[in-house]
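S.K.: Pasting in a structure now, in structure tokens, and then I'll have a few things to ask.
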Amino acid sequence: MRISITNFTKTFGDTTVIKDMSLEIESGEMLALLGPSGCGKSTTLFSICGIHRMNAGRLRFGDKDVTKRPPQERNVGVVFQNYALYPHMDVHANIAFPLKVRKEPRAEIDRKVLEIAALVHIEELLQRKPSQLSGGQQQRVALARALVRKPDILLLDEPLANLDAKLRLEMRSEIRRIQQQTGITAVLVTHDQVEAMSMCDRIALMNKGDIVQVCKPKEMYDNPASDFVAGFLGNPPIAFLDGIANDGEIRLANSEVALRLPSNVIDLSNGTQLRLGIRPEFFQPENDMKVTGKVSFVETQGREDLFDVTLTNGAVLRSIQSRGGDIKLGDEVTWGISREHILAFGPGGERL
Amino acid sequence: MKHNFRNWPVLLVLFIFSLPLLIMLTFLVVDTFTTKVPGTLVPNAFTLHHFRFLWTDLDDGRWGIYGVTLNTFIFAASTAAVVTAISVMAGYALSRLSFPARGFFLGSLIVLHAFPTVTLIIAIFLILQILGLYNTLIGVIIVKTALELPFGIWVMKGFYDTVPWEIEMAGVQDGASRFTVWWKLILPQVQPGLMAILIFSFLSGWSEFVLPMVLNPGTDAQVLSTYLATLLLDTNTNSDFNLISAVGLFYALPVVIIYLIFQNKLMNIYGGGTKG
């Protein structure tokens, strides 16, 4: 079901967490609310499900205005970060609880519980207590409980934060599979860009209570709206060079080095403050626009090596290369930047 | 299993310090079942004579021991029931709901808990007299309940504080009303606290002496503690100390039994919440 938030404002006491935010989530879509901690993404999530009251603005599910509806009437399934399973009930009773509250007949409840247990692959765990389950199993139970009454919307609050690295990979694809199989509209809150990019159809990147950019993961990575977005997406992260535009080139701060600007910003007036973003995959030995610097950090990641290269003015570029070179810490290297892949930002961080 | 220190020195010290208590308790039990020649310590014969209050009326139209015991039970049980019922609700409200003057209530709870209640006794006496509840069991129950409540509420609030918010939010999301959430999801989590309050206030009511003595001095609805006190002062029984000991043992026995059965649950009060 389509979710539309218009002019949403949320304050706690005197602090305004979210101001005048608007967001449309398409039916059947999985959207990630991504952002650093404290940016208001969980607040937004809890306002959608009704735990927080909106101070201003409207919230609609489909054509229905639910702004003033209590959480019980919204038909939203929520998976909490710590799963919030009911510790005194076994798995069956946990999943059956939303149906019991609605006073559905027993046989019906049993049928639905078994059906949803099969979907999330926990049929053999139904008699266990939550304390007898592993993190990944608890996660599946929480998903089953959220989905069993066929909610219009599924909300996931940092669902993978409490899992170890291997389980996280597994549950990432599991959650996506379940979401696609049920065709439910889902909102995922996370601070992990990899999670957001790999699981979701679209990402809404938030910063300080504002949505900075909403688009498809690939588009956001290739075409960030600001240096904040560029810096938030990508691992290893993008590197920035500050400088001043001069005759189609950029003169880097505190140095004599000048680099050709990418063709889309080549006609900037002289003296404009600039910020260039260069992703590690576009700073490679074979590229033609050479810069020289000293290797200041080497990190082996298995398949690839990650290098930090400090330029003469102190700025740092990152490069990620497949293994094989015998480059050591302290070596002087001259590598090239792929000119057309440079992202240029203005002094306020906006994309040029 | 290897210990990093030896047990017996600790046990020895504990034993020495507990010795006076142990001797007193031993003699309490021994005295009630034996006779002695005055002036000696070693008993010379076994007898059940001191327990005659169990099968004969002692004297003068006073309630028999069973009536008094029933009164004590009614007193302790209703105090425990009311204290527990109010504590589980008030504790939840203080822990979870935001209402006007919440801070004030929390503060006064602590003050009331620490308040020397004896200083209130004259005011309470006057109030009960105005209400016509002086010299009735109901009156004492109400007063005792009121005085036990701050402790109960405070402990229950502590238990509620350990229950994660998310459980409640999950319940609300699952479509349950706040009341259902409390009754079906939260209350089972604080059950150890509930049991502890129930037992604790029952024991406290069972052993209460000052309130019944001052507010219910008549002989119509005596409780065991005041019954024991009147025995001590009574000239008819010629201060039969063995009889008094026997009544004392009879009075203390339920406390010991309840404590033995429920000691784990009682310890929860000091553990402060459910375990992981």
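What follows is calculated from the coordinates using simple rules that are stated; it is not laboratory data. Note that the structure is a prediction, hence the values are computed from the model and not measured. Don't worry about glycine lacking a Cβ; one is built from the backbone with ideal geometry, like all the others, and counts go over all protein chains shown.
S.K.: Please list, in order along segment A:299-306, the HN-Hα scalar couplings obtained from phi with the Karplus expression 6.51 cos²θ - 1.76 cosθ + 1.60 (θ = phi - 60°), rounded to whole Hz, x for Gly and Pro.
M.R.: 10, 8, 10, x, 5, 10, 10, 10
S.K.: If you don't mind, another one. Counting only residues 5 or more places away or on other chains, whose amide H sits under 5 Å from the amide H of A:His52 once H atoms are built in the peptide plane?
M.R.: The list, which skips near neighbours in sequence, is A:Ser47.
S.K.: Any chance you could give the angle, 0 to 90 degrees and rounded to 10, that helix A:135-147 forms with the longest Cα principal axis of chain A?
M.R.: It works out to around 60 degrees.
S.K.: In what sequence do A:Ile18, B:Ile244 fall when counting other Cβ within 10 Å, fewest first? Walk me through the numbers before you get to the answer.
M.R.: Values: A:Ile18 26, B:Ile244 19.
By the 10 Å Cβ count, ascending: B:Ile244, A:Ile18.
S.K.: In chain B, which helices (entire DSSP H runs) extend 27 Å or more along their own long axis, judged by Cα positions, while averaging at least -1.0 on the Kyte-Doolittle scale? Working shown, then result.
M.R.: Details: long enough: B:8-33 (34 Å, 2.29); B:65-96 (46 Å, 1.29); B:137-161 (35 Å, 1.23); B:241-271 (40 Å, 1.39).
Helices passing the filter in chain B: B:8-33, B:65-96, B:137-161, B:241-271.
S.K.: For a footprinting-style exposure proxy, rank A:Lys41, A:Lys218, A:Lys290, A:Lys19 by other Cβ within 10 Å, fewest first. Don't skip to the end; give the middle numbers.
M.R.: Values: A:Lys41 28, A:Lys218 9, A:Lys290 12, A:Lys19 17.
Sorted ascending by nearby Cβ count, the order is A:Lys218, A:Lys290, A:Lys19, A:Lys41.
S.K.: For segment A:3-231, report the % of Cα-Cα distances exceeding 25 Å.
M.R.: Details: 10592 of 26106 pairs.
Considering segment A:3-231, 41 percent of its Cα-Cα pairs are separated by more than 25 Å.
S.K.: A 24 angstrom limit on the alpha carbon distance is what I want to check against. Which of A:Lys112/B:Lys184; A:Lys41/A:Lys216; A:Lys103/B:Lys157; A:Lys41/A:Lys103; A:Lys68/A:Lys112 exceed it?
M.R.: Correct reply: A:Lys103/B:Lys157; A:Lys41/A:Lys103; A:Lys68/A:Lys112.
S.K.: Shifting gears a bit: Counting Lys and Arg as +1 and Asp and Glu as -1, each charge on the Cβ, what is the dipole of the protein assembly as shown about the Cα centre in debye, to the nearest 20?
M.R.: About 1080 debye.
S.K.: So, with +1 on the Cβ of K and R and -1 on the Cβ of D and E, and no other charges, what is the size of the charge dipole of chain A about its Cα centre, to the nearest 20 debye? Before the final figure, lay out the partial values.
M.R.: Numbers: 44 positive and 45 negative charges, 358 e Å.
So the dipole magnitude of chain A works out to roughly 1720 debye.
S.K.: While we're looking at this one, here's another question. Just to be sure I understand: of the beta bridges DSSP finds with both ends in segment A:3-231, what percent are antiparallel, rounded to 5?
M.R.: Antiparallel: roughly 50 percent of the beta bridges in segment A:3-231.
S.K.: With a point put 7 Å past each Cα toward its Cβ, work out how far A:Asp65 is from A:Glu24 in nm, to one decimal.
M.R.: 1.9
S.K.: Just to verify a number: FRET efficiency for A:Ser263 and A:Lys294, C-beta to C-beta distance, R0 = 35 Å, to 0.05?
M.R.: Details: r = 30 Å, r/R0 = 0.86.
Once the sixth-power term is evaluated, E becomes 0.70.
S.K.: Still on this structure, I have one more. Which of B:Ala146, B:Ala77, B:Ala176 ends up with the largest GNM mean-square fluctuation for chain B, with Cα atoms connected below 10 Å?
M.R.: Maximum fluctuation in the GNM of chain B, among the listed residues, is at B:Ala176.
S.K.: So how do A:Ile175, B:Ile127, A:Ile184, B:Ile86 line up by other beta-carbon neighbours within 10 Å, fewest first? Spell out each step's value before the answer.
M.R.: Values: A:Ile175 24, B:Ile127 15, A:Ile184 21, B:Ile86 18.
The most exposed by this proxy come first: B:Ile127, B:Ile86, A:Ile184, A:Ile175.
S.K.: Using a Förster radius of 22 Å, what is the FRET efficiency between A:Ser37 and A:Leu306 based on their Cβ-Cβ separation? Nearest 0.05, please. Don't jump to the answer; show the numbers that get you there.
M.R.: Working: r = 25 Å, r/R0 = 1.13.
The value I calculate is 0.35.
S.K.: Search the structure for amide H atoms under 5 Å from the amide H of A:Ala344, placed 1.01 Å from N in the peptide plane, and list their residues when 5 or more places away or on another chain.
M.R.: Answer set, sorted by chain and number: A:Gly277, A:Leu352.
S.K.: Give me the extension gain from B:Ile122 to B:Leu28: residue separation times 0.36 nm, minus the current Cα-Cα distance, reported in nm with one decimal.
M.R.: Net length gain for the segment: 30.4 nm.
S.K.: Connecting C-alpha atoms closer than 10 Å in a GNM of chain A, tell me which of A:Asp288, A:Asp63, A:Asp326 has the biggest fluctuation.
M.R.: So, out of A:Asp288, A:Asp63, A:Asp326, the one fluctuating most is A:Asp326.
S.K.: So what are the ³J(HN,Hα) numbers for segment A:29-34, from phi and the Karplus equation (6.51, -1.76, 1.60; θ = phi - 60°), rounded to whole Hz, Gly and Pro as x?
M.R.: For segment A:29-34, the Karplus curve yields 8, 10, 10, 9, 9, 10 Hz.
S.K.: For helix A:106-119, report the angle its Cα long axis makes with the longest principal axis of the Cα atoms of chain A; keep it between 0 and 90° and round to the nearest 10°.
M.R.: Here the helix axis deviates by roughly 20 degrees.
S.K.: Separate question: With just the Cα atoms defining each centre, how far is segment B:141-170 from segment A:1-76? Give it in Å.
M.R.: 33
S.K.: Taking GluC sites (Glu not before Pro) as candidate sites, keep only those in a DSSP loop with at most 11 other Cβ atoms within 10 Å, then name the longest stretch of chain A containing none of them.
M.R.: A:1-255
S.K.: A follow-up question, please. Explain nothing, just the number: relative contact order of segment A:210-352, from Cα pairs under 8 Å at least 6 residues apart, as a whole percent.
M.R.: Values: 305 pairs, mean separation 37.3, N = 143.
Relative contact order comes out at 26 percent.
S.K.: Between A:Ser322, A:Ser47, A:Ser269, find the one with the highest GNM mean-square fluctuation for chain A; connect C-alpha pairs within less than 10 Å.
M.R.: Judging by the Gaussian network model, the answer is A:Ser322.
S.K.: Next question. Express as a percent, rounded to the nearest 5, the fraction of DSSP beta bridges in the protein assembly as shown (both residues included) that run antiparallel.
M.R.: Details: 61 of 80 bridges.
About 75 percent, rounded to the nearest 5.
S.K.: Could you go through segment A:231-245 in sequence order and give the Karplus-derived ³J(HN,Hα) for each residue, using 6.51 cos²θ - 1.76 cosθ + 1.60 with θ = phi - 60°, rounded to whole Hz, and x for Gly and Pro?
M.R.: Once rounded to whole Hz, the list reads x, 7, 8, x, 9, x, x, 5, 10, 10, 10, 9, x, 10, 6.
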